[in-house]
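The structure appears below as structure tokens.
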Amino acid sequence: MVSRMFRLETEVDKARRDLLHRRLRETNTAASPVLRALRGTPDEREAPLHVWLSTANGELAGGLVGHTWTTWLHVTCLWVGARHRGAGLGSRLLAEAEHLATTRGCTSSRVETWDFQAPDFYRRHGYEVVCAIPDYPPGVTEYTLTKRLGRPRGGRGLSTAGGAPPPPAPPRTPGGS
């Protein structure tokens, strides 16, 4: 018989958080043949991928931080200093990260960006909007974009006139395409 008496607690508890992560991982591994096949292999864990641009005197001009996991590159941060923008450095950082990812066997890339950051930049580099979350945070739209690596630039990515943010992607339905 299942007890219907539970106590809800809201304090931060790192030990229980870690236990929850372990149990979710076990559940996911049992449910997914793909994850099960990854366990114990080098592809099981994310591998950091960092690309840095420095000036002649060693000052950080820009950088890209991400990781690869299975066949995916995940770009988590890309930044170029204000006085170095417009010189193609962001494009160089992204191209180098994508190249390094392909040497690790990656075939796809993903990135999240806010509407005031760089959705147009990524679209110009062949990324497509697959998700738009309005008001995350309030007044801002967060976009998730993906790209098949090795595909020519200017593929079938979405485009808008005047540098406006890309339109939201159509809603996805469970079991839909």
| Out of curiosity, is residue 29 open to solvent by 100 Å² or more (accessible area, probe 1.4 Å) and without any contact (Cβ under 8 Å) to a residue 40 or more places away in the chain? | no
| task | For residue 49, indicate whether it is closer than 18 Å to residue 146 by Cβ and open to solvent by 30 Å² or more (accessible area, probe 1.4 Å). | result | no
| query | For the subset of the range 137-174 comprising residues that are open to solvent by 40 Å² or more (accessible area, probe 1.4 Å) and of a type in the set (Val, Ile, Thr), which member is modelled with the highest pLDDT? | reply | 173
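Quick grid of which residues meet (1) farther than 30 Å from residue 120 by Cβ; (2) modelled with pLDDT of 95 or more; (3) loosely packed, with under 14 Cβ neighbours inside 10 Å:
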{"residue": "13", "(1), (2), (3)": "yes, yes, yes"}
{"residue": "24", "(1), (2), (3)": "yes, yes, yes"}
{"residue": "44", "(1), (2), (3)": "yes, no, yes"}
{"residue": "57", "(1), (2), (3)": "yes, yes, yes"}
{"residue": "61", "(1), (2), (3)": "no, yes, no"}
{"residue": "72", "(1), (2), (3)": "no, yes, no"}
| task | State which residue is surrounded by the most Cβ atoms within 10 Å (Cβ to Cβ) when the search covers only the range 83-136 and only residues that are among the basic types (Lys, Arg) and closer than 18 Å to residue 48 by Cβ. | result | 110
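The values are calculated or read from the model by the stated rules, or taken from the named source; none is laboratory data. Predicted model only: the values in this text are computed from it and were never measured. We place every Cβ from the backbone using ideal geometry, glycine too, and count neighbours over all the protein chains shown. The accessibility values were calculated without ligands, DNA or RNA, using every heavy atom of the protein model including side chains. Shrake-Rupley method; radii C 1.70, N 1.55, O 1.52, S 1.80 Å.
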